[in-house]
Structures are given as structure tokens and as C-alpha cells.
Amino acid sequence: MGDQPLIRWDWIARNWDDPVGTRLLEHIQLALVPILIGLLIAVPLGVVCARWRWLYPSVFTGVNILYAVPSIALFFLLLPYTGFTQWTAIIPLSLYTLAILVPNVVDGLYQVPQHVRQAAIAMGFSPLRRLIQVELPIALPVAIAGLRVAAVATISMVSVASLVGLGGLGQLILTDGFRRQFPTPIIVGIVLSVLLAFLVDGLLVLMQRLLTPWTRGSERAARRTSAARREAGAGTTAPATDTGSRRAEAT
Amino acid sequence: MITFTGITKRYPDGTIAVDDLDIEIPAGRTTVFVGPSGCGKTTSLRMINRMVEPTTGLITVEGQDIRDRDPAVLRRSIGYVIQQAGLFPHRTIVDNIATVPFLLGWGKPRARARARELMELVGLQPEQAKRYPHQLSGGQQQRVGVARALAADPPVLLMDEPFSAVDPVVRTSLQDELIRLQAELHKTIVFVTHDIDEAVKLGDSIAVFRPGGKLAQLDTPERLLANPVDSFVEGFIGYDRGVRRLSFFPARLLTPRTDTVVGDDVQAGRARELALRSGEPWLLVVDGERGPRGWVSTETLGAADPGTVVGSLDLVDYGHVFTVETDSLRAALDAAVLSPAGRAVGVDADGRVVGVVAQSELGSAIWSVGAEEAPTAEPVRSDG
Ligand SMILES: Nc1ncnc2c1ncn2[C@@H]1O[C@H](COP(=O)(O)OP(=O)(O)OP(=O)(O)O)[C@@H](O)[C@H]1O
Ligand SMILES: [Mg+2]
């Protein structure tokens, strides 16, 4: 990278709105949409797997196999169908979140104590009401722990999507930095991506606090949170091995 | 009233949990199911609120076939309490208790007001309302469980070993509380337990199940203890059932003697004369208010200077007392066994000595009840 200084503040100032701001917004969109889609699929799928347990092993294997496919390969596989639209990134990233979200939803539901479920039945909850008012709320801390891992993983995986020109902060790193042997955009891209991950994780922690006041001060919640933080550190470099530690959390 | 007619439950794996059960559970009374583990008590209980469906037979509640009722709706009219309380960890105490009122569509203010009323009824503090279950002790959680079951004022209450996971002291207080509540509320209670003492204490009638899900005997506690139908029931209720049975006879049946009670200002010489005349080796010394002070033996009296007052002699601790008017023969026997003099001290409600019951007197009272029917179906309970 020659004799250039590592950070050229004047470049940052000149390019703050575009491309930096544009890329950041793209990045946020490319990360959040898959997380939301992932949730929309994972919650019902997890509920079904917890209800009909014989389904779960095949679903678990299925989402893990998807997770093991290198993302770049999936992007290229989809390109002929979706072209250079955001869907080329959104579809694979949504599928990846399932590998984290589905097991966490299922584990959360498995954690509902049998005597609590029995009591809910005995009090006269209908099955749907029992699911919504008793089982899902109790599953929430574990599900949110999974959501945190999935969110951070997705945010860092979006950068890979830029390899095929789909936008996001990775684009900044690749086209403005790497190809032009210019370090400033690379550093800006990395810093913003990490900050975004921290911010989203922090918001999720806050959400968990608000949604699950009963876990406050309880030991179990603390353990779950620390497990999730360890997970978050794993990042995207080795998606296939990540499933191992996820399984460890599941037990 | 709840009736079982020809009820059999065979689980899908072939286990016959309940076998051709016919039983009538009277309204407004407490019926206790006891029996060894796996004899179908829980299964029988859960068939009442349709958590388990019988394979064959008919169950009616208040004359109505329960199969004609929507299970969820039926359950809202039947309170249910289980061993681990089964509280919802994500709901506050007050909202746990208000569960069924919420399900019945009462407004939140009304449901919560009712829940607070129940907290008071079962002896919980108002400031515990906003806590979560994990912040309560096991005994308190169990109270919440009882309050939750009672919230919508159901006529029927099913209780599956509700007090077996708490320590004996808490268990006793929860049992006493239930007796007090039941005297006020007159619910149709079906109570499952392993503990025959608990069954005798709480039950108006007791159903003993035998392995294989058959009913061995259904009787009042008193008749069960007096006449077990066979060796299985006898073995299950324990070979000390004779002593247990004494709980059903009032200590009033005894005539405590007063000639062996002396004031502590009486002289030793005079006391010795009294002892010789009564033929008893021990005298009970009482103070000016007739409160018990201790036992004095004839030997001590003989060795003492006849002029000293008995109150200044070495007295033997009087141990336990029993209250003549309210205690049972069992309490009197207990007091005698624990007394160093082998004699029980009977007192009145204010703790003043009524008299002394010697072993011979106690023995003949016990002997006479052996043949008799108990005068009362309720165990004699004391406040002490
Ligand atoms: N869901 C089930 N499937 C198969 N067998 C069952 C099921 N539930 C209970 N059983 C069997 O039915 C029998 C009666 O069980 P139940 O739970 O009614 O006994 P219990 O008298 O309540 O025992 P405990 O005192 O241990 O609670 C047992 O042999 C038990 O193993
Ligand atoms: Mg049982």
C-alpha cells in the first residue's frame, strides 16, 4: 500500500455521504432483512419441531447442511435467477440464520418445565393460547440469545456478499480499498461493520431486558448471556465449525 | 359429587394404570387417594379434568358426563394443585393467581383484585404480589399454587401431592391452613398423597389403591384404621395404626386424678402421707395458680425433712402436658410416654392443672376404645 498514511481523514470527509453512508445503509438493510425473514421462518418451524419431536433431527440436519455450504457458492448459484438484486444476498443470509435460530427456538421450548406445561393445561389454556402466553414467553431468553448470535453473524457475513458486487460495507473494502491499494476505506469498512454489530447486539440485550423482566437477577439468565457472547465472537470465518459450539449451548 | 363408574385406563404402551374403578366422591368433602407409587392415583385424578381420557367407563361431575364438556372450559371450573406448584416463571405472583380469571375473560382490575384477596386468604404478604415465583420459598410457592387453584372459586379442587416437596414444619402449617380453608369454603377436594398421616389428618374419607390400579378400600379414616379390609391395606397404613387411631378419641374420656396433686407450700411430711394413701410413687407439685412445677418421688419425700415445703425440694421436670378438653387420647399417651414419671399432666385451656393420668388409667381407656367405634369421625385436633 506504498507510502500512503493508514488513514486519510480528508478522504473520509469527502466520501462520508457517498459511498460510506450509502454502503452503511445498504449493509444495515442487507443484514436486517435476512434476520427478520429468518425469525419469521424459524419461530413457526421451531414450534413445529418442538411439538412433533420426531421432525426435529431431520430439520436440524437440514439447516446445518445449508449452513455448511460456503456463502460465496450460494451467491453464485442464485445469481442466474435473482441477478444483481439484493435478493441474491438476502436469500442465503436468511437461510444461514435458520441454523442458529431454529435450534434456539426449539431449545427454548424444550426448557419449559413439564410441570409448568401440565399446570397450564390444567388451568384450562387452549393449545394456541398456551403456546403464546406460556411456552413462547418462557422460551424467549434462549431464543433471544440465539437471535444475538444470528444478528452478529449476519452483519459480518454481509461483507462477503460484496464480493459478488451486492453492496454493503464490503464493497467499500473491496472496490475502494483493496483494488486501489488504499487502506483508509478498508479500515472505515471494518470499523463501521464492527460498530454496527455491537450496536445491534446492545439493542438486543436491551430488548431482552425489557421483554423478560423475570430473568433479571436470576443466575440462569446470566449463564445464557455469557454463552451468547462467546458465540458472537466466533464470527463468519468458519461457519461449518460454528455449529459445534452452538450445539454445546443447546444442551 | 364426582362419580367414577367402571373406569379403566390402559396407556398406549399397555400399562393398566386404573382397573375398573367405581368410586363416589361426595361434594363439599375431602377425599384422599393413597397408595404405593404407580398404583394409578395421579391417573385417576387427571381423568377428572380430562387431562387423561379413560379407556372405558363414565365419569360425572355434578351429575354431568364430563365428555360432554369442552376440556379447556371444564378445567377452568376445576382447581388443580401439583407438587412443584407449576407456577408460571414469567408471571408475577398476582398474575399467576389471576390466571384462570384472565382465561375466563374477567377484566384485569377485577382479576387482580380477586388475586390479592386470595393472597390474603392463603397467608401471603401483599408486598409479594409483584415478585416472580423464583423469588419465593417452596412453601410460599405452594401457597401461591393453592391460591391460583382457588381464584375462580371452582367447586372442585384436585391436589396431587401438593405438600410433599416442602419440609415437615412447612408441610404441617400448609395442612393446617388447608383444613382451615376447607372449613370455610367446603370445596369438593380430591387429594393425592403417599403419606397415611396426611391422609388421616385431611381426609373425610380415604381411598386406598393397590398396585395395578384397583381400589382396595374406601372408608372414613377412623374405620380404615380400625378395620383394614386385608393385609395389604393393613401393611400400607402401618402397624402402628392402633396408636394413630387414638387420635379419634378425645382425652375427655379420661378421668384425671386430683389426689396426687399437691401445692408447693405443702410440707414434705404431709405430702408423704398423701402419696402413701394414694399408692402412687409420684406426686405433681403445682404453684399457687395451679400451674405445674414438677414431679416429686416418694423417695425424695422420705429423705427430706418433714417440715420443709415441697416447693423447695428437687423436682423432676414435668415434660409435656395435654389439654383435657381439646386434645386426643393420642396426645395424652404421648405426654405419658415422654413424662419422666410415666404419667401425663392434664391441663385446662389456661394451662392450670386438671389432674394426673396414671398409666393404668390410660391403659384401660385405650383398651376400652379398642373394641368401640370412635365417637367422632373427625380427628380430635388441638391448637397446640
Ligand atoms: N403417560 C403414560 N404412559 C404410559 N404409562 C403411564 C403414563 N402415565 C403413567 N403411566 C403408568 O401408569 C401407572 C400409574 O401411574 P400414576 O402416575 O397414575 O401413578 P401414581 O399412583 O400417581 O404414582 P406416584 O405415587 O408415583 O405418583 C404407572 O405404572 C405408570 O408407570
Ligand atoms: Mg402420582
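The values are calculated or read from the model by the stated rules, or taken from the named source; none is laboratory data. The shown structure was predicted, so the numbers you read here are calculated from the model rather than taken from an experiment. So basically every Cβ, Gly included, is an ideal-geometry build from the backbone, and we count neighbours across all protein chains shown. Side chains included, ligands, DNA and RNA excluded: accessible areas come from the protein's heavy atoms. Shrake-Rupley method; radii C 1.70, N 1.55, O 1.52, S 1.80 Å.
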Of all residues in region B:196-229 being open to solvent by 50 Å² or more (accessible area, probe 1.4 Å) and assigned to a loop (DSSP other than H, G, I, E, B), the one that is nearest to ligand 1 (Cβ to nearest atom):
B:P211
One residue from B:R244, B:R270 being assigned to a helix (DSSP H, G or I), of a type in the set (K, R) and modelled with pLDDT under 90:
B:R244
Do the conditions hold for B:G138, that is, is it surrounded by fewer than 19 Cβ atoms within 10 Å (Cβ to Cβ), farther than 23 Å from A:G124 by Cα, more than 16 Å from ligand 2 (Cβ to nearest atom) and within 14 Å of chain A (Cβ to nearest Cβ)?
yes
Complete set of residues in region B:216-257 that are touching a Leu at 6+ places or on another chain (Cβ under 7 Å) and within 16 Å of ligand 2 (Cβ to nearest atom):
none
Is there a residue in region B:73-85 that is within 16 Å of ligand 2 (Cβ to nearest atom) and more than 26 Å from the chain's Cα centre (by Cα)?
no
Which residues, taken from region B:99-112, are more than 11 Å from chain A (Cβ to nearest Cβ) and among the hydrophobic types (A, V, I, L, M, F, W, C)?
B:W106, B:A111
Residues located in region B:46-58, provided they are in contact with a helix residue (DSSP H, G or I) (Cβ under 6 Å, 6 or more places away or on another chain) and either open to solvent by less than 30 Å² (accessible area, probe 1.4 Å) or among the aromatic types (F, W, Y) (or both):
B:N49, B:V52
Given region A:87-154, what helices (runs of 4 or more DSSP H) lie entirely inside it while holding 2 or more residues that are more than 9 Å from chain B (Cβ to nearest Cβ)?
A:87-110, A:127-130
Go through region B:28-45 and give me each residue that's within 8 Å of ligand 1 (Cβ to nearest atom) and either of a type in the set (S, T, N, Q) or surrounded by fewer than 23 Cβ atoms within 10 Å (Cβ to Cβ) (or both).
B:P36, B:S37, B:G38, B:T42, B:T43, B:S44, B:L45
List pairs: first in region B:30-56 and more than 16 Å from B:T5 (Cα to Cα) and assigned to a loop (DSSP other than H, G, I, E, B), second open to solvent by less than 10 Å² (accessible area, probe 1.4 Å) and more than 7 Å from ligand 1 (Cβ to nearest atom), Cβ under 8 Å, 6+ apart or cross-chain?
B:G35/B:V208; B:M51/A:A122
Among (1) surrounded by 15 or more Cβ atoms within 10 Å (Cβ to Cβ); (2) out of contact with any Leu (no Cβ under 9 Å at 6 or more places or on another chain) - the single one A:L128 does not satisfy
(1)
Given the criterion open to solvent by 80 Å² or more (accessible area, probe 1.4 Å), within 17 Å of the chain's Cα centre (by Cα) and closer than 14 Å to A:T97 by Cα, identify the matching residue among A:L40, A:L45, A:L30.
A:L40
